[in-house]
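The next block holds one structure in the form of structure tokens; read it before the comments.
The values are calculated or read from the model by the stated rules, or taken from the named source; none is laboratory data. Quick caveat, the model's predicted, so the values are computed rather than measured. Neighbour counts run over all protein chains shown; Cβ positions are idealised from the backbone, glycine included. The accessibility values were calculated without ligands, DNA or RNA, using every heavy atom of the protein model including side chains. Shrake-Rupley method; radii C 1.70, N 1.55, O 1.52, S 1.80 Å.
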Amino acid sequence: MPMPSAVTLTVNGAEVSVPQGATVAAAVAMAGQPCRVSVSGSPRGPLCGMGICFECRVRIDGRSHCRSCQILCEPGMDVKTDE
Ligand code: FES
């Protein structure tokens, strides 16, 4: 079985390559970043993995509050975890 193609995007300015079909949440995890930081300063990340909890929200290409567990990586995406 052939390996899936890689998709390269940036997370907080750092290039990350993930297999095609990976979610943005996976790319953020591979970059070693939390998805966001709570108002009290706690790192937050995916909890439900199905679009309910909003703990995985990030900014993608300038668009805020994107649920990273529900969005597939696309080449050249600019992901920021400063929500
Ligand atoms: S992990 Fe819950 S909405 Fe993404």
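Structural remarks
- Scan of the stretch 18-32 for residues that are surrounded by 14 or more Cβ atoms within 10 Å (Cβ to Cβ) and within 14 Å of G76 (Cβ to Cβ), ordered by number: V18, V24, A27
- Any hit, the stretch 55-67, residues being part of a loop (DSSP other than H, G, I, E, B) and on the phi < 0 side of the Ramachandran plot: yes
- Residue within the stretch 33-42 that is within 16 Å of the ligand (Cβ to nearest atom), open to solvent by less than 70 Å² (accessible area, probe 1.4 Å) and at pLDDT 95 or above present: no
- Given (1) open to solvent by 70 Å² or more (accessible area, probe 1.4 Å); (2) free of Cβ contacts under 8 Å to residues at least 60 places away in the same chain, number of the condition G45 does not satisfy: (1)
- Number of positions in the stretch 48-83 that are touching a strand residue (DSSP E or B) at 6+ places or on another chain (Cβ under 6 Å), surrounded by fewer than 13 Cβ atoms within 10 Å (Cβ to Cβ) and more than 17 Å from E15 (Cα to Cα): 2
- Any hit, the stretch 2-17, residues being acidic (D, E) and either in a strand (DSSP E or B) or within 11 Å of the chain's Cα centre (by Cα) (or both): yes
- Among the residues of the stretch 23-45, those that are touching a strand residue (DSSP E or B) at 6+ places or on another chain (Cβ under 7 Å), hydrophobic (A, V, I, L, M, F, W, C) and part of a loop (DSSP other than H, G, I, E, B) comprise A31, C35.
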